[in-house]
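The values are calculated or read from the model by the stated rules, or taken from the named source; none is laboratory data. Quantities reported herein were computed from a predicted structural model and do not represent experimental measurements. Heads up, the Cβs are rebuilt from the backbone with ideal geometry, glycines too, and the neighbour counts pull from every protein chain shown. With ligands, DNA and RNA removed, areas are computed over all heavy atoms of the protein, side chains included. Shrake-Rupley method; radii C 1.70, N 1.55, O 1.52, S 1.80 Å.
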Amino acid sequence: GRDNWGGMGTTLVDSLSTLWLMGMKVEFWEARDWVRDHLSHDHVGAVSVFETTIRSLGGLLSAYDFTQDKAFLEKADDLGSRLSKAFHSPSGIPYSETTLNGDKSYNTVWHSKDAILSELGTLQLEFRYLAKVTGNNDYA
């Protein structure tokens with residue numbers, strides 16, 4: 001979990017719900033332990049807001065929904081607060097990239113003047129659920 005995507009364990013986190021649904025509980029709890037003990041976004045630079053939201057934030061939230069384990073909610077809240085900086089744009093439409101360990105958000109060159117509707121729409125699912133389970137309406 002330290003080589004790609006800044007060591008965010010993206011594949012592991014994205015696979016949590018699959019492990020749970022397939023009844024692979026030993027592997028699920030082992031993955032939870034890694035999330036609880038090692039997952040940190042402090043050293044992660046620029047990420048795709050869309051990809052990180054659907055894979056990492058979504059993975060943490062689905063694992064929390066299945067188990068009510070606070071370790072997942074705490075990591076999701078931390079990641080959500082870092083990703084939410086992307087929404088601080090003049091229009092309120094989120095930038096496509098943000099730095100998790102800083103305050104910079106921007107659009108990539110290939111769509112610097114346009115937003116992708118499918119990306120914007122799907123962000124609502126994770127952020128609205130995060131608002132519900134944390135009680136923080138800033139996410140909604």
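When ranked by the protection proxy of mean other Cβ atoms within 10 Å per residue, highest first, what sequence do the peptides 64-74, 115-125 form?
64-74, 115-125
Ignoring ligands, DNA and RNA, what percent of the accessible area of the stretch 1-127 is carbon or sulfur (1.4 Å)?
Of all accessible area on the stretch 1-127, carbon and sulfur atoms account for 53 percent.
Whole-Hz Karplus ³J(HN,Hα) for the stretch 121-131, in order, using 6.51 cos²θ - 1.76 cosθ + 1.60 and θ = phi - 60°, x for Gly and Pro?
With coefficients 6.51, -1.76 and 1.60, one gets x, 6, 4, 4, 4, 5, 5, 5, 5, 4, 4 Hz.
Calculate one ³J(HN,Hα) per residue across the stretch 53-66 by plugging θ = phi - 60° into the Karplus curve 6.51 cos²θ - 1.76 cosθ + 1.60, and present them in order as whole Hz with x for glycine and proline.
Result, ordered by residue: 5, 6, 8, 7, 5, x, x, 5, 5, 5, 5, 5, 4, 5 Hz.
Through the Karplus equation 6.51 cos²θ - 1.76 cosθ + 1.60, θ set to phi - 60°, convert the phi angles of the stretch 26-34 into ³J(HN,Hα) values in whole Hz; use x for Gly and Pro.
Each residue's phi maps through the Karplus curve to give 4, 5, 4, 5, 5, 5, 4, 4, 5 Hz.
Subtract the Cα-Cα distance of Thr18 and Ala115 from 0.36 nm times their separation in residues, and report this length gain in nm to one decimal.
31.9 nm
What percent of all Cα-Cα pairs in the stretch 46-140 falls into each 10 Å bin, going from 0 up to the bin containing the maximum distance?
Once binned at 10 Å, the Cα pair distances of the stretch 46-140 give 17, 52, 26, 5, 0.
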